[in-house]
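Report on the structure given below.
The values are calculated or read from the model by the stated rules, or taken from the named source; none is laboratory data. All figures in this text were calculated on a predicted structure; none of them were measured in a lab. Cβ: placed from backbone, ideal geometry, glycine included. Neighbour counts: every protein chain shown. In case anyone asks, the SASA skips ligands and DNA or RNA and just uses the protein heavy atoms, side chains included. Shrake-Rupley method; radii C 1.70, N 1.55, O 1.52, S 1.80 Å.
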Amino acid sequence: MALADWGAQQNDHSFSRGVSVKNPLAEVLSWRRAVIVTVALPLVISLAVMAYAWPASRIAPRDLPVGIVGTSTASQTAIEALAHSEPGGFDFHLYPDEASARSAIKDREVYGAFVVTPGSLTVLEATAASASVAQLLGTSGQQLAAHATQLAAESAAQSAHGRSARPKAGKQVSDSSVKVSVRTVDVVPTSADDPRGVVFSSALLPLTMCSILIASFISMSSARMPGWRRLVGLVVACAATGFSAYLAAQGILGALPHQHVATWAALSLTMLAISATSAGLITLIGPAGLGVSAALMVFVGNPFSGSTSAPELLPKAVDEIGQWLPPGAGANLLRGTAYFNGNGSGGHIAVLVLWSVLGLAAVTLGRRTPTVADGSSAEAPYRADGTGGESPAASETATLFRRSTPDGYSESLSPALEKNHPHSHARHAASH
């Protein structure tokens with residue numbers, strides 16, 4: 001028996017001196033790594049580029065709500081000309097006078113309006129609602145004025161000569177009596193410190209990323225805390241971060257000039273909706289929830305939000321998806337509080353509250369036990385009294401890796417400990 005044990009000991013020593021066994025999983029892992037680097041990562045990057053570039057390359061009016069003042073022949077002609085130049089691009093709203101159209105713009109019912117009279121055209125716009133739409137309406141107003149001037153010249157020529165006289169192509173009408181003038185009025189302008197709304201549109205992506213980072217930090221560093229403590233942490237962190245973001249955007253850059261408390265609340269609610277959703281996903285499905293929330297909010301919510309243009313300028317279905325996600329709803333809510341006294345913000349608030357409630361409910365009610373690489377529990381379960389305890393699985397594992405020797409000592413059976421204590425074989429042989 002002792003001789004057999006001595007042979008086994010020599011074999012163990014020979015194994016420890018350099019005999020290695022090839023790991024069959026190493027080749028599989030190397031192939032998996034190669035596939036990730038050469039296929040998965042380029043595909044993900046391509047999709048991310050497409051998510052941002054495709055909507056931006058398809059900017060065009062789609063059922064864009066605009067107002068037309070009056071029901072005269074000139075107004076009807078303007079509607080026909082706009083419908084012909086942009087088929088399906090505009091959703092027309094008729095108003096009896098200019099004051100009604102201005103009120104509709106301030107209430108965010110329309111983006112702008114055209115006040116058409118026989119000798120003039122007034123374009124009412126709101127750069128605070130969208131600088132891109134304001135530019136589009138200005139261009140459309142110039143085209144309407146040119147079309148009205150041409151029609152007026154033809155009508156004047158018919159009256160003078162008693163017959164139809166269409167001007168030749170490229171010939172300008174020199175008679176000032178038939179030229180229609182254009183005037184542009186910015187009903188709701190942006191801040192003088194941010195005339196094109198660049199600060200406003202550029203702030204959405206950093207806010208989204210910061211919100212996800214807050215969720216990641218609180219969910220992963222406070223995993224042993226009860227859900228209600230993580231909930232309080234999310235709310236406080238988003239309120240504080242929203243306040244600091246408001247100080248930077250308004251106090252330093254002057255881009256959010258009105259309704260200070262409401263604007264801060266809009267920033268905080270937007271960040272809470274994103275953070276709560278991310279934290280809820282992390283709580284329910286583990287670290288993979290961080291990737292899911294980043295893909296949903298950063299690569300779908302941001303490019304589909306329409307913050308740099310307007311939802312009605314994005315492709316169909318994209319604008320709907322964007323407004324049902326926190327970045328899009330938050331961007332429109334922030335415009336409403338900063339420039340429109342909160343008008344037209346009810347739907348956006350409802351979307352943000354819905355995401356926040358669902359995310360916070362998942363954080364409060366869900367349970368997540370972090371795992372290590374081998375799938376075992378990485379921490380002891382949290383107890384109601386605030387103390388941790390050794391898991392039954394860990395106790396059983398520790399028991400299996402120890403044995404009692406004949407001389408009364410408890411000896412480890414861990415392979416690492418066996419390697420570090422070769423004299424245990426000799427003691428075992430001596431005992432026999």
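In the range 62-106, of all residues being in contact (Cβ under 8 Å) with a residue 40 or more places away in the chain and open to solvent by 70 Å² or more (accessible area, probe 1.4 Å), the one that is farthest from G342 (Cα to Cα) corresponds to D63.
Any idea which of A266, A255 is touching a residue at least 40 places away in the same chain (Cβ under 8 Å), touching an Asp or Glu at 6+ places or on another chain (Cβ under 7 Å) and aliphatic (A, V, I, L, M)? Don't jump to the end; show me each part of the working.
Numbers: A266 fails: touching an Asp or Glu at 6+ places or on another chain (Cβ under 7 Å).
None of the others qualify; the one that does is A255.
Going by the structure shown, is A160 part of a helix (DSSP H, G or I), modelled with pLDDT under 90 and crowded, with 20+ Cβ neighbours inside 10 Å? Give the derivation first.
Numbers: part of a helix (DSSP H, G or I): yes; modelled with pLDDT under 90: yes; crowded, with 20+ Cβ neighbours inside 10 Å: no.
Considered against the rule, which asks whether it is part of a helix (DSSP H, G or I), modelled with pLDDT under 90 and crowded, with 20+ Cβ neighbours inside 10 Å, A160 comes out as no.
Note on the range 269-288: residues that are open to solvent by less than 10 Å² (accessible area, probe 1.4 Å) and without any contact (Cβ under 8 Å) to a residue 40 or more places away in the chain amount to 0.
Being over 25 Å from the mean Cα position of the chain (by Cα), open to solvent by less than 20 Å² (accessible area, probe 1.4 Å) and in contact (Cβ under 8 Å) with a residue 40 or more places away in the chain, is that true of even one residue in the range 43-55? Break it down stepwise before answering.
Within the range 43-55, the subset over 25 Å from the mean Cα position of the chain (by Cα) is none.
No, the range 43-55 contains no residue that is over 25 Å from the mean Cα position of the chain (by Cα), open to solvent by less than 20 Å² (accessible area, probe 1.4 Å) and in contact (Cβ under 8 Å) with a residue 40 or more places away in the chain.
Here is the figure for the range 250-267: residues that are touching a helix residue (DSSP H, G or I) at 6+ places or on another chain (Cβ under 8 Å), open to solvent by 20 Å² or more (accessible area, probe 1.4 Å) and assigned to a helix (DSSP H, G or I) total 5. Return yes or no: is A215 surrounded by 22 or more Cβ atoms within 10 Å (Cβ to Cβ) and among the small types (G, A, S)? The answer is yes for A215. Looking only at residues in the range 163-193 that are at pLDDT below 75 and open to solvent by less than 60 Å² (accessible area, probe 1.4 Å), the one that is farthest from the chain's Cα centre (by Cα) is A165. Can you pull out the residues in the range 134-147 that are touching a residue at least 60 places away in the same chain (Cβ under 8 Å) and either surrounded by 22 or more Cβ atoms within 10 Å (Cβ to Cβ) or of a type in the set (F, W, Y) (or both)? Selection gives L136, L137, L144. For T122, the criteria (1) within 16 Å of V182 (Cα to Cα); (2) free of Cβ contacts under 8 Å to residues at least 60 places away in the same chain hold in every case but one, which is (2). I'd like the residue in the range 302-331 that is open to solvent by 20 Å² or more (accessible area, probe 1.4 Å) and without any contact (Cβ under 8 Å) to a residue 40 or more places away in the chain and, out of all such residues, is farthest from H348 (Cα to Cα). Among those residues, the one meeting the criterion is A317.
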